[in-house]
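The values are calculated or read from the model by the stated rules, or taken from the named source; none is laboratory data. Everything numeric here is computed off the predicted structure, so don't read it as measured data. All Cβ positions, even for glycine, are placed from backbone atoms using ideal geometry, and neighbour counts span all protein chains on display.
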Amino acid sequence: MAAASPVARAAQGAGVHERRYRLINSCCEPHPQLDGDYPSLDEAMSDAVDWLLSSDGLTQQQPIGVEVCTANGDWRTYRLPAPLVCALPASTGLKATRVLPLTPPDAS
C-alpha cells in the first residue's frame with residue numbers, strides 16, 4: 001500500500017484540528033500569570049480582562065496579546081500585545097476602568 005503524500009495527509013487532518021489560543025506578554029512570550037491554553041479567543045480575552053480588572057492600576061496597563069496554535073503545533077501571533085483596560089479620567093468622580101475594544105473601529 002502506497003504512503004499518502006504530505007498534501008493528502010494534511011487534507012485528511014484538516015477538519016480535525018481545533019484551534020487553541022494562549023495569552024502572551026509584551027515580549028510576545030507566554031504570559032507568566034495567564035499561562036494556559038484556551039479553546040476560544042473569547043475565553044482567552046475574558047480571562048485576561050478578568051485578571052486585569054482584579055489587579056492593581058499598574059498591572060492593568062500591561063499589554064496582553066494572543067497567539068493561535070496552527071495545525072502543525074506552531075504558535076502564531078493572532079493579536080499583538082496591547083493594553084486591554086484603561087482607567088477612566090479622575091474628573092468623572094468614578095473609580096472605574098473601561099475595557100478597550102478587541103478590534104479597531106472601522107476606518108470608514
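State which residue is modelled with the highest pLDDT when the search covers only the range 1-36 and only residues that are among the charged types (D, E, K, R), surrounded by fewer than 13 Cβ atoms within 10 Å (Cβ to Cβ) and part of a loop (DSSP other than H, G, I, E, B).
Quick first cut of the range 1-36, residues among the charged types (D, E, K, R) only: 9, 18-20, 22, 29, 35.
Adding the requirement that they be surrounded by fewer than 13 Cβ atoms within 10 Å (Cβ to Cβ) leaves 9, 18, 29, 35.
Adding the requirement that they be part of a loop (DSSP other than H, G, I, E, B) leaves 18, 29, 35.
Values: Glu18: 87, Glu29: 96, Asp35: 88.
Filtering the range 1-36 for residues that are among the charged types (D, E, K, R), surrounded by fewer than 13 Cβ atoms within 10 Å (Cβ to Cβ) and part of a loop (DSSP other than H, G, I, E, B), the one modelled with the highest pLDDT comes out as Glu29.
For the range 69-84, residues that are surrounded by fewer than 19 Cβ atoms within 10 Å (Cβ to Cβ), under 15 Å from Ala48 (Cα atoms) and of a type in the set (A, V, I, L, M) total 2.
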